[in-house]
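Engineer: Shown below is the structure under consideration.
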Amino acid sequence: MMVHDCVIWLNYVKGVMFHFRQPVPGFDAVIHTNVPVGSGLSSSAALEVATLTFLEQLTGKPVPSMADGAKMCQRAEHTFANVPCGIMDQLIALGGRADHALLIDCR
């Protein structure tokens with residue numbers, strides 16, 4: 001992976017940290033993934049949700065609901081990565097479970 005690619009992916013992490021709106025203590029982190037290419041799961045949403053989950057655990061301050069977390073991750077993608085995405089991938093990354101269907105009502 002080229003340095004430029006890493007900087008782009010870092011924007012997703014920075015965006016979630018910005019929109020988390022809680023004080024975050026300093027930390028060292030390494031991101032490793034086994035999300036396969038073409039698996040049907042948005043890798044950016046997976047990174048955003050992993051970052052959100054990490055921040056919740058690090059600070060002890062969970063977001064109020066799955067919908068709030070998904071909206072926060074979506075805002076990160078809009079504002080820091082300049083990707084005008086919908087919210088489906090974030091909702092699935094937060095609420096999806098193996099061998100279960102997930103009903104998403106985006107009204």
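Engineer: Grab the other residues whose beta carbon is less than 15 angstrom from that of MET17, score K and R as +1, D and E as -1, and report the net.
Structural biologist: Charge balance near MET17 sits at 0.
Engineer: May I ask you to give the percent of accessible area on the chain that is carbon plus sulfur, with a probe radius of 1.4 Å?
Structural biologist: 60 percent
Engineer: May I pose another question? Which one of PRO84, PRO64, ALA50 has its Cα pushed farthest toward the positive end of the charge dipole of the range 39-103, where Lys and Arg give +1 and Asp and Glu give -1 at the Cβ?
Structural biologist: Working it through, the farthest residue towards the positive pole turns out to be PRO64.
Engineer: Moving on to the next point. Rounded to the nearest whole Å², what accessible area per residue is found for the chain with the 1.4 Å probe?
Structural biologist: That works out to 68 Å² per residue.
Engineer: Quickly work out the ASP68-to-VAL24 label distance, labels modelled 7 Å from Cα along the C-beta direction, and quote it in nm with one decimal.
Structural biologist: 1.7 nm
The values are calculated or read from the model by the stated rules, or taken from the named source; none is laboratory data. Everything quoted here is computed from the prediction, not taken from an experiment. As a convention, Cβ positions derive from the backbone with ideal geometry for all residues, glycine included, and neighbour counts pool all protein chains shown. To get the accessible areas, we keep the full protein, side chains included, count just its heavy atoms, and leave off ligands, DNA and RNA. Shrake-Rupley method; radii C 1.70, N 1.55, O 1.52, S 1.80 Å.
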